[in-house]
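Data block below; observations after.
The values are calculated or read from the model by the stated rules, or taken from the named source; none is laboratory data. This one's a predicted model, so the numbers in the text were calculated from it and none came from an experiment. Cβ placement follows ideal geometry from the backbone for every residue including glycine, while neighbour counts extend to all protein chains displayed. Just the protein is used for accessible areas: all its heavy atoms, side chains included, with ligands, DNA and RNA removed. Shrake-Rupley method; radii C 1.70, N 1.55, O 1.52, S 1.80 Å.
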2 protein chains.
Amino acid sequence: MTSTNMRMKAPTTADVAREAKVSKAQAARALGGYGAVSEEVMTRVQAAAERLGYRPNELARSMNTGRSNTLGVIVGDIENPHFGLALRGISDVAREAGYHVILSNSDEQVAIEQEAVRVMLEKRVDGIIVAPCSSAASHNPHLAQVLAEGRALTLFDRAVYDMDVEVIGVDFTRTAQQATQELLEAGHRRIAYVTSMNCAEPYRSPEDMGLTPVAQRIAGMEQAFRVAEVPFAPTLIKPNALDDAAVARIVEELFADAAPPTAVIASDSLIAQSLMREFHLRGLRIPQDLSFVMYDNFPWTEIVSPPLSVIAQPVYEMGCEAARRIIAQIRGQDPGPMPAFETRYIRRGSTGPAPR
Amino acid sequence: MTSTNMRMKAPTTADVAREAKVSKAQAARALGGYGAVSEEVMTRVQAAAERLGYRPNELARSMNTGRSNTLGVIVGDIENPHFGLALRGISDVAREAGYHVILSNSDEQVAIEQEAVRVMLEKRVDGIIVAPCSSAASHNPHLAQVLAEGRALTLFDRAVYDMDVEVIGVDFTRTAQQATQELLEAGHRRIAYVTSMNCAEPYRSPEDMGLTPVAQRIAGMEQAFRVAEVPFAPTLIKPNALDDAAVARIVEELFADAAPPTAVIASDSLIAQSLMREFHLRGLRIPQDLSFVMYDNFPWTEIVSPPLSVIAQPVYEMGCEAARRIIAQIRGQDPGPMPAFETRYIRRGSTGPAPR
DNA sequence: TTGAAAGCGCTAACAT
DNA sequence: ATGTTAGCGCTTTCAA
């Protein structure tokens with residue numbers, strides 16, 4: 001900043017070239033780190049660049065290389081620590097590899113997701129990582145478009161019906177079954193599952209849920225019921241828990257029933273918090289009156305009282321892997337085999353025997 | 001996608017122009033929505049674009065307009081819900097205004113922050129919102145650089161010494177004083193404050209903390225002590241609580257003392273969780289043995305037991321305002337007066353009378 | 001209203 | 001190793 005010229009425009013390779021008394025091309029080579037440059041010229045150019053306060057224009061660079069070194073990430077809700085953690089993994093790996101991250105929030109709305117994809121494509125991102133909206137029904141031409149335009153695509157958490165792309169996710173079936181089995185063994189017969197997934201109500205069968213983790217979770221539950229030879233009640237599967245009001249309505253429905261649930265499973269931490277507030281309002285004690293399980297093992301679940309039984313998944317590592325794989329894909333390298341992400345059920349104080 | 005050509009390259013304005021039988025310039029005008037275009041030509045061009053699956057190249061566009069319609073956001077830790085919420089506010093407003101968000105995580109390290117700024121400047125972002133690293137000492141040439149290159153800059157949460165830029169933040173002094181006063185009135189005499197801020201130990205005076213919220217919080221505490229005419233112990237101010245290990249060390253120090261604290265205030269939710277785990281390990285009951293207050297009012301603080309007394313700040317709204325103001329700044333509009341963000345102390349179950 | 005042509009700042013191909 | 005000359009896909013003069 002010592003000797004910045006009064007000129008308003010930022011110095012370009014041409015300016016540096018003039019200052020260093022070399023050709024524009026040679027200056028560009030030195031600055032861009034490509035081609036052959038003599039040591040002599042290299043130092044002269046660097047000194048000139050320093051003097052002028054030159055800063056490369058990534059836009060111009062991207063324009064003729066075709067690569068922007070940018071990843072687009074579209075998540076349902078940045079506010080949700082689940083995505084916060086995933087994002088952290090993605091951005092750590094991306095930064096390490098020299099990629100930048102453009103972020104978009106879909107609010108779980110397909111229209112916004114589509115718009116975000118469009119914008120990212122126009123910005124010429126090299127690849128997009130998306131946690132697609134959890135609407136089971138719709139097809140996804142906007143995602144197909146990403147591939148059609150030769151950009152890399154990786155799905156996070158959720159697969160979609162109509163395409164064959166890599167998905168970073170875990171298989172919840174086994175762990176969901178295990179958790180349910182433990183609840184069944186503790187005498188629970190009516191176990192509810194509350195999810196934010198958009199879905200026509202009432203829920204009927206896992207197919208309503210598409211290829212989502214939610215479907216796996218329910219499938220695991222059903223399996224446990226089948227094994228235990230206990231009839232499974234689909235009416236206790238409650239989708240559309242999009243906000244506090246929706247959760248309130250769901251709890252209302254659940255406990256208006258002649259045979260209310262004795263155990264409730266929350267699909268994510270936001271829903272869990274909302275549910276617990278409702279339970280508290282109704283004076284339901286955990287685990288005496290109601291057993292409670294939530295997905296995702298966040299630190300606060302250990303310090304609440306009773307500490308929450310949770311189903312843990314390695315969200316940060318999954319974020320890292322998502323970034324690692326899409327970057328490999330972009331570079332045309334082999335991403336290697338997909339690691340098996342482990343989920344596990346951690347029994348803590350929020351689950352207990354069913355009330356008599 | 002019905003009639004995509006086999007050509008590998010994406011269609012450009014030139015292709016559309018040829019297809020629509022107009023000049024390149026005219027096609028570009030129609031597509032870009034600028035200049036004068038007859039209705040006749042407009043429809044022909046749009047039809048042609050549709051047929052070809054044309055998609056504007058934002059990079060090229062940015063290159064000659066100089067505006068990229070992009071905001072850079074640098075936060076200390078995306079994983080921290082505080083920033084998650086702020087980010088949500090920023091991205092909601094940005095999207096609404098047609099801006100994209102590039103995200104970077106500084107990990108609270110100045111070197112990474114500087115690198116992030118450099119990269120964003122090279123990407124020609126229109127403005128940068130940064131929650132500067134909480135190192136009180138250092139000057140910030142990299143931030144000054146942002147202004148020097150004519151880009152907008154807004155600080156979030158923290159101000160910096162050596163420059164005059166807008167800061168989105170709250171004044172904690174009053175609320176910190178109020179909370180402290182209540183603790184003093186409840187008989188507490190030794191009140192500790194634990195923060196992740198980088199700072200030479202031991203802490204001596206608020207000046208060590210620079211223009212940060214941390215300084216305000218401590219100043220508020222000191223004020224309350226002064227008013228109550230109780231001597232204030234600087235040794236109970238504990239900076240550098242960067243991770244679980246650091247928190248463990250701090251708790252160790254705090255309770256190795258002959259006169260341990262009877263109340264502890266956590267600077268953020270991550271530290272709070274870490275602290276509570278340590279307290280639990282030591283068998284310290286809250287609030288019987290120890291009163292506890294944390295900054296930020298997150299939903300889970302209501303459902304832990306006892307529910308936590310917190311100091312609330314409108315993080316989401318602050319994120320929105322940060323985006324709103326920097327966009328106004330970019331557009332050369334008047335951002336209007338800075339709203340007064342309110343903080344308040346919410347007394348819940350984690351605070352009580354000091355143990356005898 | 002339209003078109004031709006000149007850039008934006010860089011990389012890439014081709015000389016030398 | 002260096003210089004010359006084209007572009008990349010768009011916006012922007014400047015004429016017509």
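Worth pointing out:
- Per-region count, the stretch B:85-97, residues more than 8 Å from chain A (Cβ to nearest Cβ), surrounded by fewer than 22 Cβ atoms within 10 Å (Cβ to Cβ) and in contact (Cβ under 8 Å) with a residue 24 or more places away in the chain: 2
- Failed criterion for A:ARG277 (all others in (1) more than 21 Å from the chain's Cα centre (by Cα); (2) within 14 Å of chain B (Cβ to nearest Cβ); (3) open to solvent by 10 Å² or more (accessible area, probe 1.4 Å); (4) at pLDDT 95 or above hold): (4)
- Annotation: of all residues in the stretch B:9-26 being within 9 Å of DNA strand D (Cβ to nearest atom) and of a type in the set (D, E, K, R), the one that is nearest to the chain's Cα centre (by Cα) is B:LYS9.
- Residues in the stretch A:254-274 that are buried (at least 16 other Cβ atoms within 10 Å of the Cβ) and part of a helix (DSSP H, G or I): A:LEU254, A:SER269, A:LEU270, A:ILE271, A:ALA272, A:GLN273, A:SER274.
Yes/no per residue for (1) charged (D, E, K, R); (2) within 21 Å of the chain's Cα centre (by Cα):
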{"site": "A:LEU155", "(1), (2)": "no, yes"}
{"site": "A:GLU201", "(1), (2)": "yes, no"}
{"site": "A:SER205", "(1), (2)": "no, no"}
{"site": "A:ALA219", "(1), (2)": "no, no"}
{"site": "A:GLN223", "(1), (2)": "no, no"}
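- Checklist (1) part of a helix (DSSP H, G or I); (2) open to solvent by less than 50 Å² (accessible area, probe 1.4 Å); (3) within 16 Å of B:PRO261 (Cα to Cα) applied to B:GLN181, failing item: (2)
- A search for C-beta distances below 8 Å between a residue of the stretch B:219-237 that is of a type in the set (Phe, Trp, Tyr) and any residue that is not in a loop (DSSP other than H, G, I, E, B), counting only pairs 6+ apart in sequence or on different chains, returns B:PHE225/B:THR180; B:PHE225/B:LEU184; B:PHE232/B:MET221; B:PHE232/B:GLU222; B:PHE232/B:PHE225; B:PHE232/B:ARG226.
- Unique residue being open to solvent by 50 Å² or more (accessible area, probe 1.4 Å), away from DNA strand D (no atom under 13 Å from the Cβ) and of a type in the set (Lys, Arg) when the list is A:ARG55, A:ARG67, A:ARG51, A:ARG29: A:ARG51
- Per the listing A:HIS100, A:HIS82, the residue uniquely within 13 Å of another protein chain (Cβ to nearest Cβ) and within 17 Å of B:ARG118 (Cα to Cα) is A:HIS100.
- Taken over the stretch B:296-322, the criterion of being at the interface with another protein chain (Cβ under 10 Å from one of its Cβ atoms) and surrounded by fewer than 19 Cβ atoms within 10 Å (Cβ to Cβ) is satisfied by B:PRO299, B:GLU302, B:SER305, B:PRO306, B:PRO307, B:TYR316.
- In the stretch A:101-135, the residues that are touching a residue at least 24 places away in the same chain (Cβ under 8 Å), open to solvent by 20 Å² or more (accessible area, probe 1.4 Å) and not small (Gly, Ala, Ser): A:ASP107, A:GLU108, A:GLN109, A:VAL110, A:GLN114, A:ARG118, A:LYS123, A:ARG124
- B:GLY220 closer than 24 Å to B:GLY187 by Cα, open to solvent by less than 20 Å² (accessible area, probe 1.4 Å) and among the small types (Gly, Ala, Ser): yes
- Of everything listed in (1) modelled with pLDDT of 95 or more; (2) out of contact with any Lys or Arg (no Cβ under 8 Å at 6 or more places or on another chain), the single unmet condition for B:VAL93 is (2).
- Options A:GLY150, A:GLY187: the member that is outside any helix (DSSP H, G or I), free of Cβ contacts under 8 Å to residues at least 40 places away in the same chain and on the phi > 0 side of the Ramachandran plot: A:GLY150
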